[in-house]
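The values are calculated or read from the model by the stated rules, or taken from the named source; none is laboratory data. Keep in mind the model is a prediction, meaning the values are calculated, not measured. All Cβ positions, even for glycine, are placed from backbone atoms using ideal geometry, and neighbour counts span all protein chains on display. Calculation scope for accessible area: heavy atoms of the full protein, side chains included, ligands and nucleic acids excluded. Shrake-Rupley method; radii C 1.70, N 1.55, O 1.52, S 1.80 Å.
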Amino acid sequence: MDASSPIPDFIAFYGQEIGALLFGLAFVFLYKQSRVVYFGLWAIAWLLRFLAGIFGYQLLRTGSLGWMAPYAVFEFGFAIVLIAAARAGFASIICDWRTVLRLISILPIFVALVYAFGWYSRFDGYRAADAVVLGSVYIYNFVALRKNAGLGARVFRLSLLALAVTFLLRAMILLGLIRISLFVEPYSDFILNCALALAAMAMWIESQIERIRQLAGEVDYLRRETLQRLDLDHLTGLLNQAALSRRIDHPAVFEGVVAVCDVDNFKDVNDRYGHMAGDEILRNIGNLLKSSIRHEDEAFRWGGDEFVILFHNQQNEVANKRMQEISARLREFRVRGHGVLPITFSWGTAEAAGRVLREALDEADQTMYALKRGKQGLRP
C-alpha cells in the first residue's frame, strides 16, 4: 500500500497494487518497443513499488514495526531506480552508475533511520520523510527531462511536477506545517500516475512518428540516389540516353543553348589503339565535360561517341566559347601507354529561344553533322 494511505483500506490497497502492475506493464511495453532504458527503469520501479505496497499493507494492518524494514527497502529501491532513470535519460544504455551505487551503499543507514522514525513517531514520521524523498525524486526527473520536446514530453513532465507537489504537500500536512485537506488519497496518486503513463505512451508515439519521418527521408534519399545511378552512364559518369530521352519528352519550354558533339574518327582510334584506349578516351571526355560546365548545366552521353550538353539560361556566343575551350583541351589528351593522343570533335549549337528541347536538339544535331561532313569533304 502507498505510504501516504492513512488507514488499512482493502479497496484502496487493491486499487494501488493493480495500478502499480498496470503502470509497470505499460512501461514494459514501452521498453520492449523502444529499447529506451528510461522506460525499462520505470517498469522496474513500479515492480518495486508493487512489492513495497504488500509490505506496507501488512505494516498498517498489524502495526508491527517488523514490516517497516522490507517496506522501506522496496520504497528506497523505487526512489533509486527513478534517480537512475533520470540520469540515463532516453539513451539506450546507462553511462553513469556511480550515483546509483552510492545511493545503494547508504541503504543500511536508510533502514536504520526508518526504524528510528518508527520508534520515535510511529508511522506518520516515516510517511512524511518518504513523501519528501519521492517528491524530490519526481522533481529531479522533471528537471532531467527538460530538454525533451514534444507534447507528450511536456505532459509527462507536468505529471511529474504534479506528483512532486502532491507528495511535498502531503509531507507538510503530516508534519503539521500546514492544515489543508488534500485530494482524496490514494486516488489522486492513481490519477496522476495514469496521466504519467499516458504521457509516456504519447512520448513513444511521437518518437515513432519522428523515426518514421527520418526513415521516409532516408528512403526518399535512397530513391533519388538510385534514380540518379540509373540515369548515369557507367563509363563516362555523365547522364545517359534514358535521362536525355525523358528531358526531350518533357513538354516545358527550354531556356538556354543545346550543344551536340561527336568525336571525329573515333572508329579509327578504336581500330588502331584498341577498345581499352577508346574507353579511356571516352572516360576522360566525360570528366572533361563535367569539369567544364556549371552546376546547373547538364551533360549527357547520347550514345557511342556522341554527347549532348544543355547550357541552361545561356547565350549562344558563351556556349560556343565554352565548346572551343573544351575542344582545345581535347587536343592535349594523354592516353596511358600512348602518350599525347590529340582528339578532335565536331559540335553544333542551337539556342532554344523559347522552343521545346527537341526542336533545339534537332537543330544542333544538324549543325554538328553539317560541320562533320565539311571536315570529311562531303556535300550535304
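Numbers below:
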read-out	value
For ASP264, distant residues with modelled amide H under 5 Å away	THR344, PHE345, SER346
The stretch 222-346 - accessible surface per residue (Å², probe 1.4 Å)	54
Sorted peptide list for 161-174, 41-54, criterion being average Cβ within 10 angstrom, highest first	41-54, 161-174
Modelled FRET efficiency - R0 30 Å, ARG213 with LEU158, Cβ distances, 0.05 increments	0.75
By average C-beta atoms within 10 angstrom, highest first, the peptides 20-26, 55-61	55-61, 20-26
Net +/- balance of residues flanking TYR221 in space, Cβ distance below 15 Å, scoring K and R +1, D and E -1	+1
Table column - 3J(HN,Hα) (Hz), the stretch 266-282, Karplus curve with 6.51, -1.76, 1.60, x for Gly and Pro	5, 5, 5, 5, 4, 5, 7, 9, x, 6, 5, 5, x, 5, 5, 5, 5
Karplus-derived HN-Hα couplings along the stretch 27-37 (A = 6.51, B = -1.76, C = 1.60, θ = phi - 60°), whole Hz, x at Gly and Pro	6, 4, 4, 5, 5, 5, 7, 10, 6, 8, 4
Length released on extending from TYR273 to HIS234, taking residue separation times 0.36 nm less the Cα-Cα span	11.9 nm
Sequence-distant lysines (8 or more away, or on other chains) whose Cα lies within less than 22 Å of LYS290	LYS321
Local net charge near LEU235, Cβ-Cβ under 12 Å (Lys/Arg +1, Asp/Glu -1)	-2
Paramagnetic label zone (point 7 Å from Cα along Cα-to-C-beta, ARG336; backbone N under 19 Å) in the stretch 254-271	270
Dipole in debye (nearest 20) - the stretch 237-312, about Cα centre, beta carbon charges: Lys, Arg +1; Asp, Glu -1	180
Range of Cα positions in the stretch 252-318 per principal axis (Å), largest first	42, 23, 18
Inter-probe distance in nm under a simple model that places probes 7 Å from Cα toward Cβ, at SER136 and CYS194	3.1
Environment charge of PHE156, counting only residues whose C-beta is closer than 12 Å and scoring Lys/Arg +1, Asp/Glu -1	+2
Percent carbon-and-sulfur accessible area, the stretch 243-291, ignoring ligands, DNA and RNA, probe 1.4 Å	51
Distance in nm between pseudo-label sites at LEU65 and TYR14 (7 Å out along the Cβ direction from Cα)	3.3
